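Worksheet for the structure shown next.
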Amino acid sequence: MHIRQVTGGLVAALAVTFSLMSGQATAAPAPAQDTAVAARVVTYDASGSAEFRSAVDRGAAIWNESVNAVELVPSAAGQRANIRVLADDGWPRAQTTSLGNGTVWIGRQAVIEGHNTIRISSHELGHILGLPDIKPGPCTSLMSGSTAGTSCTNAYPNAAEKSAVEGYFGGALTRKSGDAPLNTLIVD
Ligand SMILES: [Zn+2]
């Protein structure tokens, strides 16, 4: 499906547009499930994520296992993806341009310090899915990020984090104070 590109000034308008679009923005007809939520497909391009590509794919798969309202799928070659995933030598970070759209950097600095690459990937994708950092926090929280320490390898969102994403994509798409800011670089 086509997801329009957004620039900063259009965020407010996009929020309205998206709420109108979300109802029909479905993948292939899904069998009846325990929820009435239709998955909104969000594409990601991990071709620039170098040695982290498999970790990024695993992070996306974890989100797909965890929530019903959104599905992360690799973009086709030549297709403009909703999420661009890159590798670089900085600290991991994400910039969300609108819900489900943005750029993720899998920063080697944190990997060198010992942080788990799948947790990093899942965490940064969580930002694009609307979640803010929740720090400091325990390892059971995905969005506690690096504050859970390098021994933490949990890459799964907890119940509250899953619920928030279900609400963003499956519900009225209302944002609350405390949600991940748009057009702001979130480092960590
Ligand atoms: Zn973060």
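The values are calculated or read from the model by the stated rules, or taken from the named source; none is laboratory data. The structure presented is a predicted model; accordingly, all values stated were derived computationally and were not measured. Every residue, glycine among them, receives a Cβ derived from its backbone with ideal geometry; neighbour counts consider all protein chains shown.
Observations
- Residue match in segment 146-167 (condition: within 12 Å of the ligand (Cβ to nearest atom), more than 20 Å from Leu99 (Cβ to Cβ), touching a Gly at 6+ places or on another chain (Cβ under 7 Å) and modelled with pLDDT of 95 or more): yes
- When Gln109, Gln79 are screened for being closer than 17 Å to Arg40 by Cβ and more than 17 Å from the chain's Cα centre (by Cα), only Gln79 passes.
This table checks each residue for (1) part of a strand (DSSP E or B); (2) touching a Gly at 6+ places or on another chain (Cβ under 7 Å).
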site	(1), (2)
Ala61	no, no
Glu65	no, no
Leu72	yes, no
Ala76	no, no
Gln79	no, no
Trp91	no, yes
Thr97	yes, no
Val104	yes, no
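- Contacts under 7 angstrom Cβ, first residue in segment 124-139 being in contact (Cβ under 8 Å) with a residue 12 or more places away in the chain and over 12 Å from Asp179 (Cβ atoms), partner near the ligand (Cβ under 8 Å from one of its atoms) and in a loop (DSSP other than H, G, I, E, B), 6 or more apart: Glu124/Pro92
- Ile120 being closer than 18 Å to Val187 by Cβ, within 11 Å of the ligand (Cβ to nearest atom) and at pLDDT 95 or above: yes
- Of all residues in segment 177-184, one or more are touching a residue at least 12 places away in the same chain (Cβ under 8 Å) and farther than 24 Å from Ala46 by Cα.
- Scanning segment 123-136 for residues that are of a type in the set (Gly, Ala, Ser) and within 11 Å of the ligand (Cβ to nearest atom) yields a single hit, Gly126.
- The single residue among Ala94, Ala81, Ala77, Ala39 that is away from the ligand (no atom under 13 Å from the Cβ) and at pLDDT 95 or above turns out to be Ala81.
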